[in-house]
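Reading through the structure tokens given below for one structure.
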Amino acid sequence: MSSLLFGEIVEPSTRALIEDEFDEFPEYTKPSLDYEGDFSVPAAIHSMIFIETKKIRTVFTTCMLEHLTPMCTIKNAEIEVYNFGKYKYMIVFGQPQELIVHYFHDWIIKAESIFGITSDSSGNYQTMDARSKPPSIIRKLSSNSTDFNIPNLEPPNLITGLGANVLSYCIHLGLNNCCLFVVYFDSSPLDSLSVGPLIELSRKLELPLRKSNIQVGTL
């Protein structure tokens, strides 16, 4: 371990201060997936929709997933995969997961379109507009020119978690077919007004809505 002293490199008088040995770390072992159902890669994938956070899951469960049976459940990762027909698949994450995305690698590289939907508190949404914020705001980050008439997420806002991981993974693979949507909710109970942007996004993604009228306090 050398030090800089008045422009000169001075070696220590003893090697006792130099750590030649480092703690050995165990070799990385890829965790196994404990799943039930069919986890094989579909023959064709029109779109994959990754969703996370409690509020997003609650809305989607109430409006479209309540009476559906997942085609596959990954029990040790709290993940459910749903087949909506027409080669549309939704991956629902029950808890924050980041490293698990690469298990869907073969699905991702086959998909024509990939979407992530996440949420955050409107208190974390930073904007130059000082006026009062609506009950919910939706913004997007995309690796392509996908528009959906939704504004891009402005800096200095940051995205973390599964949604960011999915988008980053697609960019890493050189894919330009991924779009991440972020819904900022205020602290009020969810109702038809606050979930409106999310319901409208679901229609744009051509997802089968079984219910769209949400009463206050029902979610």
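Miscellaneous remarks
- The residues listed here are Leu198, Leu190; of these, the one that is assigned to a loop (DSSP other than H, G, I, E, B) and in contact (Cβ under 8 Å) with a residue 40 or more places away in the chain is Leu190.
- In the set (1) closer than 24 Å to Phe185 by Cβ; (2) touching an Asp or Glu at 6+ places or on another chain (Cβ under 7 Å), the condition left unmet by Ile56 is number (2).
- Within the range 121-145, residues that are closer than 18 Å to Pro197 by Cα have Cβ atoms under 7 Å from residues that are modelled with pLDDT under 85 and not basic (Lys, Arg) in these pairs: Pro135/Ser188, counting only partners at least 6 apart in sequence or on another chain.
- Gly174 vs. criteria touching a Pro at 6+ places or on another chain (Cβ under 7 Å), surrounded by fewer than 22 Cβ atoms within 10 Å (Cβ to Cβ) and not acidic (Asp, Glu): no
- Residue within the range 133-143 that is at pLDDT below 95, surrounded by fewer than 16 Cβ atoms within 10 Å (Cβ to Cβ) and of a type in the set (D, E, K, R) present: yes
The values are calculated or read from the model by the stated rules, or taken from the named source; none is laboratory data. Quantities reported herein were computed from a predicted structural model and do not represent experimental measurements. Note: ideal-geometry Cβ built from the backbone for every residue, glycine included; neighbour counts use all protein chains shown.
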